[in-house]
Ligand SMILES: Cc1ncc(C[n+]2csc(CCO)c2C)c(N)n1
């Protein structure tokens with residue numbers, strides 16, 4: 001019998017999500033980031049929505065810390081929480097300032113449909129299960145951005161005004177955060193039944209699809225269709 005437990009869990013996950021993540025690399029928004037041709041208005045929309053996304057995402061690490069099964073895991077969640085609130089959100093604030101968007105404006109942004117749906121889904125899963133659900137919910141986000149950052153840095157294109165973006169997501173600090181998430185996932189998967197692993201796998205697949213929808217939302221500068229009339 002072929003036992004999938006013989007493979008490290010995240011290797012199995014990667015095989016499942018690789019085609020989805022490769023589709024990000026073909027997405028016009030991501031391509032535009034990589035070669036510097038991305039329309040600034042689209043980037044500003046992404047930035048504002050991502051700021052809201054990160055606030056909700058940071059809550060997930062707090063849920064993870066509260067559900068952690070040992071002190072080392074709790075510490076890792078604390079570091080991930082700090083990394084998001086301090087490092088990543090600071091880059092967003094600095095980009096925003098560069099483009100004339102104030103911090104007050106950033107905080108007043110209304111979540112677009114995808115932002116709300118994606119963050120609500122992750123938080124729902126995190127609250128529903130043990131700590132492994134939280135880890136599965138955050139994994140695609142952290143890992144797929146690193147995947148994109150690495151790919152864009154390796155291509156010989158010039159990201160221009162988006163250089164800092166590319167640099168951040170494959171920087172040693174972010175590589176470490178991504179590796180922490182992978183390690184947490186494999187530790188949490190240890191000893192789980194195939195049925196339990198399947199549930200975790202579906203969370204990673206679904207969040208990977210949400211990541212694609214998030215790129216689409218930014219590319220199309222979409223928000224709730226009624227926003228102009230309310
Ligand atoms: C939609 C969306 N998905 C993923 C990330 C990337 N990201 C979010 S938190 C984190 C780790 C620690 O800050 C990383 C890499 C993003 N910014 N926006």
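Just to be sure before I move on: is residue 169 within 14 Å of the ligand (Cβ to nearest atom), over 19 Å from residue 83 (Cβ atoms) and under 14 Å from the mean Cα position of the chain (by Cα) in the structure I sent? No, not satisfied. For the stretch 148-162, filtered to residues that are in contact (Cβ under 8 Å) with a residue 60 or more places away in the chain and more than 14 Å from the ligand (Cβ to nearest atom), the residue that is surrounded by the most Cβ atoms within 10 Å (Cβ to Cβ) is 159. Looking at residue 51, is it within 15 Å of the ligand (Cβ to nearest atom), under 30 Å from residue 197 (Cα atoms), touching a residue at least 12 places away in the same chain (Cβ under 8 Å) and within 15 Å of the chain's Cα centre (by Cα)? No: the conditions fail for residue 51.
Only one of the listed residues (168, 185) is within 27 Å of residue 126 (Cβ to Cβ) and either crowded, with 20+ Cβ neighbours inside 10 Å or at pLDDT 95 or above (or both). That residue is 185. Within this structure, residue 88 fails the test of being exposed (fewer than 13 other Cβ atoms within 10 Å of the Cβ) and at negative phi. Count of the stretch 121-147 residues, restricted to those that are assigned to a helix (DSSP H, G or I), more than 9 Å from the ligand (Cβ to nearest atom) and in contact (Cβ under 8 Å) with a residue 60 or more places away in the chain, is 15.
Within the stretch 1-48, the set of residues being at pLDDT 95 or above, part of a loop (DSSP other than H, G, I, E, B) and farther than 22 Å from residue 153 by Cβ comprises just one member, 8. The set of residues in the stretch 188-213 that are assigned to a helix (DSSP H, G or I), surrounded by fewer than 20 Cβ atoms within 10 Å (Cβ to Cβ) and more than 14 Å from the ligand (Cβ to nearest atom) comprises 194, 195, 196, 197, 198, 199, 201, 202, 205.
The values are calculated or read from the model by the stated rules, or taken from the named source; none is laboratory data. Everything numeric in this text was worked out from a predicted model, so none of it was measured. FYI the Cβ positions are ideal-geometry reconstructions off the backbone, even for glycines, and counts take in every protein chain you see.
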